[in-house]
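As C-alpha cells, the structure follows; a few thoughts come after it.
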Amino acid sequence: QNGEKKTVRAGREVILSGGSVNSPQLLQLSGVGPSALLGGLDIPVVHANDNVGANLQDHVGINYTFRGKLPTLNQILRPWWGKLLVGMQYILLRSGPLSLSMNNAGGFFRTDPSMTRPNMQLYFQAFSTVIPKSGERPILTPDPWPGFSIGLSNCRPSSRGEIMIRSKNPRDYPRITANAYSTNADVDEMLAAVKFVRRIAAMPAMAEIIEEEVLPGPSITSDADLIQDFRKRSGTVYHPVSTCRMGPDPARAVVDPRLRVHGLGGLRVIDASIFPDNITGNTNAASILTGWKGAELVLEDQK
Ligand SMILES: Cc1cc2nc3c(=O)[nH]c(=O)nc-3n(C[C@H](O)[C@H](O)[C@H](O)COP(=O)(O)OP(=O)(O)OC[C@H]3O[C@@H](n4cnc5c(N)ncnc54)[C@H](O)[C@@H]3O)c2cc1C
C-alpha cells in the first residue's frame, strides 16, 4: 500500500470466498495448487493439490431466435422514446419491461423420457438481439423486428474444464478453459435438446405466432450442422462451480466436508467453487446456502 509492504494476519482462520474463478486463482497465487503449474511459474509450492482450479463445471446455453408475427418487447425497448417510456414507468411505478426478469418463462425437460429427472433447462425471452449495434452491448439494441428467443442449457454436463493462472501477477486474468462439449454425451444430449426446441416451435400455439426462425435458421437441419452451430454459438450461463470442490478424499477434492482446505490449517473456502458437482438449475440460491452452512461450520469449530 502506497509502496509499503504490509502483512495482515488472521487471529483464527482465513476464509476465502472469491467465487469459482477467483478462489482457485488466489490459492494458486499463494502456492496452493498443481505443483507443475506453480513450479513453471516460479511460485513456491506451499501445498500441492492438482484439484485446485480443476473440475470446472458450468452450464452451457444457446438461443434459438424467431421473428414473430406479434409485437414483442423489441418494439418498445428499441426506439429512444420507448427506452425513455419504460425507464419512467420503472422509476415512477416500479412496473413495465424493466421490472421483469430477462427470462419471462422457463422450465426443465428430459431429452430422453426414460430419464428419472430433467437434463435440460428452458428459457423464454420476449425480445431478441441478433443485430447488435457495433460498440454497444447487444441487450441495449433489440432487433427492429418482433423477435423472441427460446433458450436452453444443459443441467449436468459431463465435460470438465479448468481455471489456471498464467503468471504470478495477481492482476493477470487466469486462463479459463471451459472444454464444453468435450464428451460425446454432452454433444448427444444438446443435439436432442435443440431438436426438442424446434418441436416446441412447431406446435400449433407457437407456429401461428412465428414468421420464421432467424437463428440458427432453416438451412441448418443436418445433425452435423446443428452440432457445428451449437458448438459455435453456445456460451456460459454463468454457473461455474467445483474449482475447489469439496470431498473427503484429498486426491479428488480441495476442501474437506467442513470446507477446510485439505492439508493446511486455518484456511477455508466458502463459495460456489466448493460444490462437489454442479446442481441442476441456477446456482445462486445454492451459493447462498453454502455461505450459510459455511458460517455455521466456522462458528461450530470455534467452540
Ligand atoms: C451475469 C450473471 C448472471 C447470473 N444470473 C443468475 C441467476 O439468474 N440465477 C442464479 O441462481 N444464479 C445466477 N448467476 C450465478 C450466481 O451469481 C453465482 O452462482 C453466485 O453469485 C456464486 O456465488 P459465490 O459467492 O461463489 O461467488 P460471487 O458471488 O462471485 O462472490 C465472490 C466475491 O468475491 C469478490 N472477490 C473476488 N476476488 C477478490 C479479491 N481478490 N479481493 C476481494 N474480493 C474479491 C468478488 O468481487 C465477489 O463479490 C449469475 C452469474 C452471473 C455472472
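Number of residues in the stretch 131-149 that are touching a residue at least 24 places away in the same chain (Cβ under 8 Å) and either closer than 19 Å to Arg231 by Cβ or of a type in the set (S, T, N, Q) (or both) equals 2. Does Ser95 fit the bill of being open to solvent by 50 Å² or more (accessible area, probe 1.4 Å) and of a type in the set (Gly, Ala, Ser)? When the stated conditions are applied, Ser95 does not pass them.
Of the residues making up the stretch 113-149, just one is open to solvent by 60 Å² or more (accessible area, probe 1.4 Å) and touching an Asp or Glu at 6+ places or on another chain (Cβ under 8 Å), namely Ile131. When you check Arg258 against the structure, is it touching a residue at least 40 places away in the same chain (Cβ under 8 Å), over 23 Å from Ser182 (Cβ atoms) and of a type in the set (Lys, Arg), yes or no? Taking the combined requirement at face value, the residue satisfies it. The residue of the stretch 155-177 that is least open to solvent (accessible area, probe 1.4 Å), among those that are among the hydroxyl-bearing types (Ser, Thr, Tyr) and within 22 Å of Thr280 (Cβ to Cβ), is Ser159. If you go through the stretch 272-297 and keep only what is more than 8 Å from the ligand (Cβ to nearest atom), in a loop (DSSP other than H, G, I, E, B) and touching a residue at least 60 places away in the same chain (Cβ under 8 Å), you end up with Phe275, Asp277, Asn278, Thr280.
Residue count for the stretch 223-245 under the criterion of being open to solvent by 20 Å² or more (accessible area, probe 1.4 Å), more than 28 Å from His47 (Cβ to Cβ) and either free of Cβ contacts under 8 Å to residues at least 12 places away in the same chain or within 17 Å of the chain's Cα centre (by Cα) (or both): the result is 11. Can you find even one residue in the stretch 192-207 that is closer than 30 Å to Val52 by Cα, surrounded by fewer than 20 Cβ atoms within 10 Å (Cβ to Cβ) and modelled with pLDDT of 95 or more? Scanning the stretch 192-207, I find no residue that is closer than 30 Å to Val52 by Cα, surrounded by fewer than 20 Cβ atoms within 10 Å (Cβ to Cβ) and modelled with pLDDT of 95 or more, so the answer is no. For the stretch 26-39, which positions are closer than 30 Å to Cys155 by Cβ and open to solvent by 40 Å² or more (accessible area, probe 1.4 Å)? Within the stretch 26-39, just Leu26 meets the criteria. Consider the stretch 7-25 and keep the residues that are in contact (Cβ under 8 Å) with a residue 40 or more places away in the chain and within 8 Å of the ligand (Cβ to nearest atom). The one that is surrounded by the most Cβ atoms within 10 Å (Cβ to Cβ) is Ser20.
Among the residues of the stretch 255-265, none qualifies, meaning not one is in a helix (DSSP H, G or I) and not polar (S, T, N, Q). Could you check the stretch 66-105 and list, in sequence order, the residues that are among the hydroxyl-bearing types (Ser, Thr, Tyr) and either outside any helix (DSSP H, G or I) or not assigned by TED's automatic domain parsing to the domain that holds Leu140 (or both)? Hits for the stretch 66-105 are Thr72, Ser95, Ser101.
Are any residues in the stretch 40-64 open to solvent by 30 Å² or more (accessible area, probe 1.4 Å), among the β-branched types (Val, Ile, Thr) and in contact (Cβ under 8 Å) with a residue 40 or more places away in the chain, and if so, which ones?
Val46
The values are calculated or read from the model by the stated rules, or taken from the named source; none is laboratory data. These figures come from a predicted structure and were not determined experimentally. All Cβ positions, even for glycine, are placed from backbone atoms using ideal geometry, and neighbour counts span all protein chains on display. Calculation scope for accessible area: heavy atoms of the full protein, side chains included, ligands and nucleic acids excluded. Shrake-Rupley method; radii C 1.70, N 1.55, O 1.52, S 1.80 Å.
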